[in-house]
Amino acid sequence: MIHMKKSSLIDGAKGFRASANSAKILILSLLMLFGISVAAHAKLELDLTKGTIEPLPIAITNFSGDIGAETSSIVSSNLKNSGLFAPIDPAAFIQQISDPNAVPRFEDWRVINAQALVTGTVSKEGDGRLKAEFRLWDVFGNEQIIGQQYFTNPNNSRRLAHIISDAIYKALTGESGYFDSRIVFVDETGPKTKRVKRLAIMDQDGANVRYLSKGGELVLTPRFSPTHQEITYMSFAGGNPKVYLRQIETGQYDVVGDFPGMTFSPRFSPDGQKVIMSLNNDGISNIYTMDLRSRTTIRLTNSNAIDTSPSYSPDGSQIVFESDRGGRQQLYVMGANGGEPSRISFGTGSYSTPVWSPRGDLIAFTKQSGGSFLIGVMKPDGSKERILTEGYHNEGPTWSPNGRVLMFFRESRGANGGSKLYSVDITGRHERQIPTPSFASDPAWSPLLE
Amino acid sequence: MPIARSVLKSPIFIALAVGLALAGCASKKPLPDNANGLGLNNNGGASPGSQQDFTINVGDRVFFETDSSALTQTARATLDKQGQWLSQYTNYPITIEGHADERGTREYNIALGARRAAATRDYLVAKGVPRNRIKTISYGKERPVAVCDDISCWSQNRRAVTQLAGPTG
């Protein structure tokens, strides 16, 4: 029942692409106290295969220790924001947990209908490290589901809370979580006629915002590498708009490829070795890839239209993109080496910015219809289209690492209007704004951190 | 042993799409009449051959229909004048900036601005302006000149601007 978290390192590929994991790895060991043997199958489980999921009532007690309360409060927000859990108001708690390692009085938690209970502690060790322990209990099953222990340096305290959240999410849903991840986005300030745009990065919940560029040049559409601490994005530096690659930690950057015209709309391949993007030539935009090691470029489409927003399937075998070759913007799928694309979008309106889910099962998109901008999903063959949110202007979805949640930007109207980031789960029921310091657009979700 | 499971309720998707049809298509309306439409038509003091002369008396920009890079009759007339002027005053480097309105997605608008800039350049080249004198750049929807949320502004933003200099930031 208990999964060892891997802290695998991925080798740097070449040149300035240094190895991943500049973020410090958390050391983790696992606890199982009292010889309570965990049942062979989890009794308490949220079934995510069903359409509508009633949030699971869960009691998250204040963790003891130096930053215990802060940690458990982040865990509580994460689980609540997923839409899958309903943390119970601590005012209703009957038992006050004094020893987070002792078996709780399950009957006290059954009375308030808590299905699951979380206890824990976070303390500073003599060597300055943080030590965190938590236990997840099945209230009606009278047993511990998981117990885990972590050590890390104090700078990682929020990550600790996210990792605990992911462990709880996984134990109760059977799927990996998405809380220990980050968002790269474009921070927007200044008047609408001359917006200052900066690359910025933050935790998935909006905390720890850090700016990666200063705003001296227009920057758009940053996307994470799946394997390295780097992003690809479009920059207008020097009045010469191109696709760039940028190391997150060092700030080192470089143009991708030596293309004769404007390159834009970049994204990494799932193995992180290629960037796929559009190249404009005399007003015609086609899709190209560049291998980051060999620098080989390959042209994948050959139209007289606008072919853009390419996104790979997670196995790397197919590419979805948008094209107006048939008149309006529609979604097309082709093999990873090009070839004749098949159109997959046939609803009323136009479709754009397709992104393949990391699970492979869905493609998210922006749809323009009847003067509104909608965010929706469809299966890769174009069937089962569902709209998740609609309004004046919603655009540019990005998938959480587990394929359960989309983040996108929503623009408000008028001279003083601007974009803010929102997330919505794939049922469309749980939508919320992600706090950012200013206007924000073009979010891209990282993989789970290592 | 009691088994706690989530309760499953009604089907996931309630029709969020209801009401989408109401907003109407925001495209058809006369385009602004270049400089006149922008209130730049005060002729005073522009010396012949100056940038001001070009902007005011010739018109530095042309406008497009939604999602289109086709040059309208008005646009052609403006570009005819631009071509004559640029052939007379040959000392300016030329950058054509293509722009889109905010009612499109970012990547597409970048490409659409490039298509508009290219269409504008090709017309000027056909009118005798040397191709190697003209650079093009697209700003997509990133640099609107009018910022209201209706057609009166969007139609001013769907434009190609002939700049008598290098590209602006």
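Coordinate-derived values only; no laboratory data. Here the structure is a predicted model, which is why all the values come from computation and not from measurement. All Cβ positions, even for glycine, are placed from backbone atoms using ideal geometry, and neighbour counts span all protein chains on display.
Show the residues, 5+ positions off or on another chain, whose built amide H is closer than 5 Å to the amide H of A:Gly391.
Sorted by chain and number, the residues that satisfy this are A:Phe373.
Kindly identify segment A:234-284 as rounded, prolate or oblate by the Cα gyration tensor criterion: order the square roots of the eigenvalues as a ≥ b ≥ c, call it rounded if a/c is under 1.5, otherwise compare a/b with b/c, prolate if a/b is larger, else oblate.
Numbers: a/c = 2.65, a/b = 1.31, b/c = 2.02.
It is oblate, given that a/c is not under 1.5 and a/b is not larger than b/c.
Identify all aspartates and glutamates with a Cα-Cα distance to A:Lys379 below 17 Å; exclude those on the same chain that are fewer than 8 residues away in sequence.
Correct list for A:Lys379: A:Asp315, A:Glu322, A:Asp361, A:Asp425.
Quick one: what are the phi-derived ³J(HN,Hα) couplings along segment A:201-217, Karplus 6.51/-1.76/1.60 with θ = phi - 60°, whole Hz, x for glycine and proline?
3J(HN,Hα) across segment A:201-217, in whole Hz: 9, 7, 5, 4, 9, x, 7, 6, 5, 9, 9, 9, 9, 9, x, x, 10.
Go through segment A:355-366 residue by residue and turn each phi into a ³J(HN,Hα) via Karplus (6.51, -1.76, 1.60, θ = phi - 60°); whole Hz please, and just put x for glycine and proline.
9, 7, 5, x, 7, x, 8, 9, 10, 8, 7, 9
What whole-number distance in Å separates the alpha-carbon centres of segment A:98-160 and segment A:349-392?
Rounded to whole Å, the Cα centres lie 39 Å apart.
What number comes out for the charge environment of B:Lys141, summing +1 per Lys or Arg and -1 per Asp or Glu over other residues with Cβ under 9 Å away?
Numbers: positive: B:Arg103, B:Arg106, B:Arg143; negative: B:Asp101, B:Glu102, B:Glu142.
Spelling it out: positives minus negatives among the neighbours equals 0.
Taking a cut-off of 20 Å between Cα atoms, list the aspartates and glutamates near A:Lys124, but don't count ones fewer than 8 places away on the same chain.
A:Asp66, A:Glu70, A:Asp99, A:Glu133
Please state the charge dipole magnitude for segment A:31-173, taken about the Cα centre, from unit charges on C-beta atoms (+1 on K and R, -1 on D and E), reported in debye and rounded to the nearest 20.
On the way: 12 positive and 15 negative charges, 50 e Å.
Here segment A:31-173 has a charge dipole of around 240 debye.
With +1 assigned to the C-beta of every Lys and Arg and -1 to the C-beta of every Asp and Glu, and no other charges, what is the dipole magnitude of segment A:336-408 about the Cα centre in debye, to the nearest 20?
160
Kindly put A:Met202, A:Met334 in sequence by how many other C-beta atoms sit within 10 Å of each C-beta, fewest to most. Let's see the in-between values first.
Numbers: A:Met202 22, A:Met334 19.
Ordered from fewest to most neighbouring Cβ atoms within 10 Å, A:Met202, A:Met334 come out as A:Met334, A:Met202.
Quick one: net charge around A:Tyr211, please, counting Lys, Arg +1 and Asp, Glu -1 for every other residue with C-beta under 13 Å from its C-beta. Working shown, then result.
Values: positive: A:Lys197, A:Arg198, A:Arg210, A:Lys214, A:Arg246; negative: A:Asp187, A:Glu188.
Summing Lys/Arg as +1 and Asp/Glu as -1 gives +3.
Only counting other Cβ atoms within 10 Å, I'd like B:Asp101, A:Asp381, B:Asp53 sorted with the fewest neighbours first. Spell out each step's value before the answer.
Numbers: B:Asp101 24, A:Asp381 10, B:Asp53 16.
With the fewest neighbours first, B:Asp101, A:Asp381, B:Asp53 line up as A:Asp381, B:Asp53, B:Asp101.
State, as an integer percentage, the relative contact order of segment A:289-381 based on alpha-carbon contacts under 8 Å between residues 6 or more apart. Kindly include the intermediate steps, with their values, before the conclusion.
Details: 194 pairs, mean separation 18.3, N = 93.
It rounds to 20 percent for segment A:289-381.
Read phi for every residue in segment A:278-286 and hand back ³J(HN,Hα) as whole Hz from Karplus 6.51 cos²θ - 1.76 cosθ + 1.60, θ = phi - 60°, with x for Gly and Pro.
After applying 6.51 cos²θ - 1.76 cosθ + 1.60, I find 9, 10, 9, 9, 6, x, 9, 10, 10 Hz.
Using only the Cα atoms of segment A:31-173, what are the Rg and Dmax in Å?
Calculated on Cα positions, Rg and Dmax stand at 14.5, 49 Å.
Could you compute the net charge surrounding A:Pro435? Neighbours are other residues with a C-beta less than 13 Å from the C-beta of A:Pro435; K and R count +1, D and E count -1. All intermediate terms of the calculation are to be shown ahead of the outcome.
Numbers: positive: A:Lys420, A:Arg432; negative: A:Asp187, A:Asp203, A:Asp205.
Spelling it out: positives minus negatives among the neighbours equals -1.
Which of A:Lys170/A:Lys384; A:Lys274/A:Lys384; A:Lys192/A:Lys214; A:Lys80/A:Lys170; A:Lys242/B:Lys81; A:Lys197/A:Lys420 have a Cα-Cα distance over 21 Å? Show your work: numbers first, answer last.
Details: A:Lys170/A:Lys384 27 Å; A:Lys274/A:Lys384 31 Å; A:Lys192/A:Lys214 18 Å; A:Lys80/A:Lys170 15 Å; A:Lys242/B:Lys81 32 Å; A:Lys197/A:Lys420 13 Å.
With Cα atoms farther than 21 Å apart: A:Lys170/A:Lys384; A:Lys274/A:Lys384; A:Lys242/B:Lys81.
Rounded to the nearest Å, what's the spacing between the alpha carbon centres of segment A:411-431 and segment B:99-169? Just the number, please.
Each part's Cα centre sits 28 Å from the other's.
Between A:Ile88 and residues 5 or more places away or on another chain, which pairs have amide H atoms under 5 Å apart, with H built 1.01 Å from N, and which residues are they?
A:Ile58, A:Ala59, A:Ile60
How would A:Ser446, A:Ser64 line up from fewest to most surrounding beta-carbon atoms within 10 angstrom?
On the way: A:Ser446 24, A:Ser64 19.
Result, fewest neighbours first: A:Ser64, A:Ser446.
Averaged over peptide A:370-380, how many Cβ atoms belonging to another chain are found within 10 Å of each residue's Cβ?
That works out to 3 on average.
In debye, nearest 20: dipole of segment A:182-445 around its Cα centre with unit charges on the Cβ of K, R (+) and D, E (-)?
Numbers: 30 positive and 26 negative charges, 87 e Å.
It works out to roughly 420 debye.
Non-local amide H neighbours of A:Val139 (under 5 Å, H modeled in plane, Pro and chain starts lacking H): which ones?
Amide H neighbours of A:Val139, under 5 Å, 5+ apart: A:Ala116, A:Leu117.
Can you list the aspartates and glutamates whose alpha carbon sits under 20 Å from that of B:Lys135, skipping same-chain ones fewer than 8 residues off?
Those aspartates and glutamates meeting the cut-off are A:Glu217, A:Asp258, A:Asp282, B:Asp60, B:Asp80, B:Glu97, B:Asp122.
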